[in-house]
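Please treat every number below as a calculation from the coordinates, not as lab data. Here the structure is a predicted model, which means the values were calculated and not measured. Note: ideal-geometry Cβ built from the backbone for every residue, glycine included; neighbour counts use all protein chains shown.
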Amino acid sequence: MGVKTSLKNFNPVQSIKDRLTRLLEVYNPKVWRERGMGWTLGLFVVTYLVVVVVLGMLWSRSPETFDVRANALATVGGDESRLVTGAYTAATAIRIGQTLLEKPGGFLSNDIFPPGVYLDNIPNWEFGALTELRDITNALRNELTRAQSQSGEDPDLLLAQPQFNYNTESWMLPSSESEYRRGIQALESYLNRLTRREAQFFARSDNLILYLQVVERRLGSLAHRLSQAVSEDAVETDQGDEAAARSANPAGGQSLITSRTPWSQIDDVFFEARGYTWALLHVLQGLSLDFEPMLKSKNALVSVNQIIFKLQETQKPIWSPLILNGTGFGPMANHSLVMASYIARANAAVIDLRRLLEQG
């Protein structure tokens, strides 16, 4: 009877409040004086470690995907008439840069204090996303905004492109964040001029082909590195289809590579790939909107949507607390090979799209 009465009178909210009150009492200076210097120092050390661990867990979450259309509309102040050709791509590049700097914890690659200094997953994610930001900014500067090879460069993109190539690990004088922020501001200036019809963006197939060639190499490299996490041997052909081609390697022809990814770097490659595909997913969504008339005329819009769908698979939630690489058909998951499979399929679709555009 007494147990039933006790359970009936139990108030979980009040119980939590009481526990928090008792916990906060240990931070009363009066308690510190009573317990002594050693106990107080121990309390601060434990508190610091708990805060660092909790912040590390919160900062280790990859940013969510965003709506490219809604982002572009918000970037131009909600005025749909300002969504001219090129606005989606430029607004997407700006958002990627802002995400790198403004996500929980900010930009972590150059941190020298805990918890950022001991985190490696998100810094590798940042490097992957930054790689795609560099690629699209370079494409904007050299291809997408120029009518021909001898036309002038856009002044804002001339400033933005080198800013994103700054060292990712510079903490100050100047910091990586300050340089990237200048690049974002230059992109914003370009977008403002573009919406006022004072800048150019050429949605031509030849411009898109040049960008897709870069994407092919990036995806191919990532798929190869992810596969190396489990394969010990690989045969690389240096000469391609040309029998008379020469190589810097005296052996020439084919070489046996035994460069399996060290176990300590498996998650590094995985999160770099995840960051790159996250950024590429949004860039291709923006390009598909800006190039929509051209893609429809070449019956290529479906191909672009297939690539986007395959890239979306790379952003599925990770339910395991660790990146696992099981061997063969063993019982353990193999995250690297799953990611490599998604990326290889996306790369094959990119190659098909490029060939379709080349054929006219």
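Annotations
- For L173 and T65, the FRET efficiency from 1/(1 + (r/R0)^6), where r spans their Cβ atoms and R0 equals 35 Å, is about 0.50.
- Here the spin labels are modelled as points 7 Å beyond Cα on the Cα-Cβ line, and at N165 and V31 they lie 5.6 nm apart.
- Computed over the range 9-98: relative contact order in percent, which uses C-alpha pairs under 8 Å that are six or more apart: 15
- Scoring 268-279, 109-120 by mean Cβ neighbours within 10 Å over their residues and listing the highest first yields 268-279, 109-120.
- Each Cα pair under 8 Å and six or more residues apart adds its sequence gap; the mean of these over the residue count of the range 125-166 is a relative contact order of 45 percent.
- Near the amide H of N334, within less than 5 Å, lie the amide hydrogens of G326, all on another chain or at least 5 residues away, with H placed in the peptide plane.
- Residue order, fewest to most surrounding Cβ atoms within 10 angstrom, among V31, V283: V31, V283
- Here the peptides 287-293, 129-135, 54-60, 86-92 are ranked by packing, the mean other Cβ count within 10 Å, and the order with the highest first is 86-92, 129-135, 287-293, 54-60.
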